[in-house]
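First the structure, in the form of structure tokens, and then the observations on it.
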Amino acid sequence: MIPQRRTIMATDPVCYMVVDEEDAQYKSTYRDAEYYFCCAYCKKQFDADPKRYSRIVPDMNIDSVSC
Ligand SMILES: [Zn+2]
């Protein structure tokens, strides 16, 4: 059993991995919204074309998707 932590989770808009906002090392701000990424690669993808990814608002539970 993994104990539930009280943290705010964000979803990486590039690969849909769930990212802990407090631990996130990679994030970008676009149009006053913050986006969190699991890795430098995803951040790069987002920064290259933020319009493409910022439209996606993944509020659903996709588990274990990785890049
Ligand atoms: Zn990612």
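A short reminder: the numbers here are calculations on the coordinates, not readings from a lab. What you see is a predicted model; the values in this text were computed from it and never measured. Positions of Cβ are generated from backbone atoms using ideal geometry, with glycine treated the same way; all protein chains shown enter the neighbour counts.
As a calculated quantity, the FRET efficiency between R52 and D20 at R0 = 35 Å, using C-beta atoms, amounts to about 0.90.
Full extension of the chain between Y30 and M9 yields a length gain of 5.8 nm, computed as 0.36 nm times the residue separation minus the alpha carbon distance.
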